[in-house]
Amino acid sequence: MPTLADLAREILRNAEFIDGAASRPEDAAGLDVETARTALLDATHRLILQSQSPESYMFQQMWSITDTFILRMIYTLNLPRHVPLVGSTTYTAVAAQVDVPLDHLIRLVRYAITIGYFTEPIPDHVAHSPASRLLAVNPDAFDAMGMILNELGPSTHAFPAALTRFAASEEPNETAYNIANDTDLAIYDFLAQHPERARRFGGAMRFFSGGGGNYIQALLDAFPWTDAANDRDDFVVVDVGGGHGSVAVALAGHTAHMRFIVQDKEETVAEGRNVLPAALEGRVEFQTHDFFTPQPLAADIYFFRWIFHNWSYKYCVRILQNLVPALKPGARIMVYEHVVEPGVDVLLSKKKERYLDLFMLCAYNSRERTEEEWRALFAAVDSRFVFQSVTAVAGASLSLVEAVWRG
């Protein structure tokens, strides 16, 4: 176990690297900086753990329930919208705008300040911190907060009841989310009946897709897309469940000849066509397709981003089985998701894959998977799938899982 002094030196070393990169705009957003930032946060988290007594740490964890409470109040009252982007305003003014007693408002905001939301630059005035400002200027960030707190959060409270009622079910409509929402519908079918909640969910997904982890740059680095053997007019990538085509558009912009076909539900691909840059017409196409039906297209790569983690084992098997009729020898299946490392650690960077895993359990009866679980999944579907690798790019949160069809 590293000493407190060891951890302090590691924190300083990474902090100096990040500070130095900040003075070089071309480096400030790179994966090297993300790697240093992750190492800094991991060391800081370990330092905090090792600096406290077990009693002090337990007390802090138990009372962190008030963090969730205050985040819910920030979202419910939409407090960021009532604070000016420049300068400050009074607590009195904000209390009047959100129709909350002044005393309550002050107590709520002053707690929020302790966890990084808002500041009090002068007595009785409130201004933005970087975190609260993000919520004010980025609607997708605000939707992400609401989706986690109000859409997925209640499922965690319902999970004990789900254990009793549904046991080890793999069905997507026998989850804690179903109990929390008193519905027999799977999450996406339920959201389709509640347009505002569906809109918020979509905003949250846009935020997570464009957020931390530099997932597009990491994807570009994880495979030789521009090699002459791949970047050809007759090389086809099918983006299965590809939404509006954000990944295909990024890859098409990175390559010169490769062709992309984005498959998803009818209404989704219709919107994808509407927002496709004119310069990419002819190289990026859209097709209506349900991945629980046989794949109609032969291609060189079948790409799945954040698809399999929505589904339990038996449904993942079906998705892969439906590829088989279309596969030609040498076709690649690429899965771009979080890959859980074996074992456990107190590192903060490893916590993300764990809390995602728990949310998938509560809302979908699904999971984030380890490399061994990916190997076993492909092997169970068909022996002609040859598992190739898991490529993790330093500083990125997603990994590229690859298998090849031997035919």
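Values in this text are rule-based calculations from the coordinates and carry no lab data. These figures come from a predicted structure and were not determined experimentally. In this analysis, Cβ positions are derived from the backbone assuming ideal geometry, glycine residues included, and neighbour counts consider all displayed protein chains.
For segment 139-209, the equivalent ellipsoid derived from the alpha-carbon gyration tensor has semi-axes of 23, 13, 10 Å in decreasing order. A Förster distance of 30 Å, applied to the separation of the beta-carbon atoms of residue 122 and residue 78, puts the FRET efficiency at 0.80. Would you please classify the overall shape of segment 272-351 from the alpha carbon gyration tensor, given that a ≥ b ≥ c denote the square roots of the eigenvalues, rounded means a/c under 1.5, and beyond that prolate means a/b larger than b/c while oblate covers the rest? Verdict is oblate for segment 272-351. Applying 0.36 nm per residue to the separation of residue 41 and residue 290 and subtracting their alpha-carbon distance, the gain on full extension is 85.6 nm.
Here the contact order of segment 4-62, divided by its residue count and restricted to Cα pairs under 8 Å and six or more residues apart, works out to 43 percent. When shorter helices are ignored and each DSSP H run of at least 4 residues is given -39500 (n - 2.57), the per-residue value for the chain at 222 nm works out to -15500 deg cm²/dmol.
Taking label positions 7 Å along the Cα-Cβ direction at both residue 113 and residue 16, the computed distance is 3.4 nm, reported to one decimal. Using the Cβ-Cβ distance between residue 386 and residue 55 with R0 set to 45 Å, the FRET efficiency works out to roughly 0.30. When both segment 43-102 and segment 249-299 are represented by their alpha-carbon centers, they are found 42 Å apart. So how tilted is helix 195-210 from the main axis of the chain? Cα-based, degrees 0 to 90, rounded to 10. Helix 195-210 sits roughly 80 degrees off the main axis of the chain. Treating each Cα of segment 226-326 as one equal point scatterer and applying the Debye formula with no solvent, the log10 of I(q)/I(0) at q = 0.22 Å⁻¹ comes out as -1.15. FRET efficiency for the residue 9 to residue 373 pair, using the beta carbon distance and R₀ = 56 Å, is estimated at 0.95.
Of the labelled figures (i) 48; (ii) 57; (iii) 44, only one reflects percent of Cα pairs over 28 Å apart as derived from the coordinates, namely (ii).
Here the chain is scanned for GluC sites (Glu not before Pro) in DSSP loops (not H, G, I, E, B) that have at most 15 other Cβ atoms within 10 Å, and the longest stretch holding none of them is 171-407. Sorted ascending by nearby beta carbons within 10 Å, beginning with the fewest, 59, 159 become 59, 159. Based on Cα contacts under 8 Å between residues 6+ apart, segment 276-330 shows a relative contact order of 50 percent.
For the Cα atoms of the chain, what angle does the longest principal axis make with the long axis of helix 4-22, in degrees from 0 to 90, nearest 10? That works out to roughly 70 degrees. Across segment 251-273, the residues whose backbone nitrogen lies under 13 Å from the label position 7 Å along the beta-carbon direction of residue 281 are 273. Normalised by residue number, the volume inside the convex hull of the Cα atoms of segment 35-139 is 133 Å³ per residue. For the pair residue 185 and residue 349 in one chain, pulling the backbone fully straight at 0.36 nm per residue adds 55.7 nm over the alpha carbon distance. For the pair residue 164 and residue 328, the difference between a 0.36 nm per residue extended length and the Cα-Cα distance amounts to 54.5 nm. Dipole magnitude for segment 4-62: about 140 debye, using +1 per Lys or Arg Cβ and -1 per Asp or Glu Cβ, origin at the Cα centre.
Close amide-amide hydrogen proximity is noted between residue 299 and 328, each under 5 Å apart and 5 or more residues distant or on a separate chain (H modeled in the peptide plane; Pro and chain starts excluded). Take every Cα pair under 8 Å whose residues are at least 6 apart in sequence, average their separation, divide by the length of the chain, and the relative contact order is 14 percent. Each part reduced to its alpha carbon centroid, segment 135-196 and segment 364-407 end up 27 Å apart.
Close amide H partners of residue 369, meaning residues 5 or more places away or on another chain with modelled amide H under 5 Å apart, are 340.
Sequence-ordered 3J(HN,Hα) estimates for segment 370-375 from the Karplus curve with 6.51, -1.76 and 1.60 and θ = phi - 60° stand at 7, 4, 5, 5, 5, 4 Hz, glycine and proline given as x.
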